[in-house]
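Single-structure report; data block below.
No lab work stands behind these numbers, since they all come straight from the coordinates. Worth saying up front: this structure is predicted, and the values here are computed from it rather than measured. Positions of Cβ are backbone-derived with ideal geometry, glycine not excepted, and every protein chain shown enters the neighbour counts.
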Amino acid sequence: MTDDAPLIAPLIAGVELGGTKCVCILASGPDTVEDEVRIATTKPDETLAAIEAVLDGWSGFEAVGIASFGPVSIDRRAPDWGHVAVTTKPGWSGADIAGRLVKRYGLPVGFHTDVVGAALAEACWGAAKGLADMAYVTVGTGVGAGLIAGGRPVDGLTHGEYGHLRPVRLPGDDWIGTCPFHGACVEGLAAGPAIAARAGRPGDEVAHDDPIWEGVAHALAQLAHALVLTGVPRRIVWGGGVMGDGHLLPRVRALLKASLGGYLPFPEIVDGETFLVPAALGGRAGPLGAVMLGRLALGIPGS
């Protein structure tokens, strides 16, 4: 190979482990998907055996990437690295995901949350392409965010849990929220189940001019405010079912501008339409996020 020959991206076996379904993908990127298989998420042993059956039928992959529902243990020095932490999903607390696949395939394994995987994918191939510093927020059954700096996830003892921040409340709003841990955290105020509980019907049946959206947008703007001040991302990408047809995003942009009050007046942040943007990869963000985690396990930069 000559010095100016194009680099060939490695083939990755990616696994997006979701609460109700898993997606296994064999790919180097969005334009080189060789196979994709969906599996129901049931009991851990059943689900992992089904995943292994899919991967056993593939060849040529150089690493495995796992983007899992959380919370999970991501500290490679910890004895429970690669395990699901305490979760409300029956049977999955303590389940060993990554360690089992390391033993089976003997390859580098990348392991992180599904939202961080999606953030990496959007930074490499999606709505934040080319930006090494960005954030991705998903608003659906839950609320989660992945913060990326220098092409890598911003982690500490474990991954961030931005959806459980306690936002400033709207004046006069004392609704208790739905989060079993924190009540009126961002997730307890703005996730799909919270909207349904407050409105008495699913969010996709609530009119766009219903006052309930004011509180949802306010909570999400407070999350965006925290992300701006924590990591100063160059862009925040928004996905998940609650973001729906896009009617929420303009509200969040306006409320974030008011909340920041002129602080950090960087052009990238001031221009709300280019700073807060919808996700570009859609349902592929999670599986491609697993591919990105496999790439990171091989030492390939995230963007």
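Karplus-derived 3J(HN,Hα) values for the range 83-89, using 6.51 cos²θ - 1.76 cosθ + 1.60 with θ = phi - 60°, are 9, 6, 7, 5, 9, 7, 6 Hz; glycine and proline are entered as x. Residue-wise HN-Hα couplings along the range 228-237, as the Karplus relation 6.51 cos²θ - 1.76 cosθ + 1.60 with θ = phi - 60° gives them from phi, are 4, 6, 7, x, 6, x, 7, 6, 10, 9 Hz; Gly and Pro carry x. Which distance in Å, rounded to a whole number, links the C-alpha centroids of the range 237-303 and the range 44-60? When both Cα centres are located, 32 Å separates them.
When DSSP beta bridges are restricted to pairs lying wholly in the range 127-279, around 55% turn out antiparallel.
For Cα Rg over 2.2 N^0.38 Å, the listed values are [x] 1.00; [y] 1.55; [z] 0.96; which was obtained by calculation from the structure presented? Looking at Cα Rg over 2.2 N^0.38 Å for this model, the match is [x]. With θ taken as phi - 60° and the Karplus curve 6.51 cos²θ - 1.76 cosθ + 1.60 applied, the whole-hertz 3J(HN,Hα) list for the range 16-27 is 9, 9, x, x, 10, 8, 10, 10, 9, 9, 10, 7 Hz, x standing for glycine and proline.
Candidates Trp125, Ala226, Phe61 compared by Cα position along the dipole of the chain: farthest toward the positive end lies Ala226, with charges placed on Cβ.
Across the range 181-299, C-alpha contacts under 8 Å between residues 6 or more apart give a mean separation that, scaled by the residue count, equals a relative contact order of 24 percent. Can you pick out the pairs among Lys103/Lys129; Lys43/Lys103; Lys89/Lys129 whose Cα atoms lie more than 22 Å from each other? As for pairs spanning more than 22 Å Cα to Cα, those are Lys103/Lys129; Lys89/Lys129.
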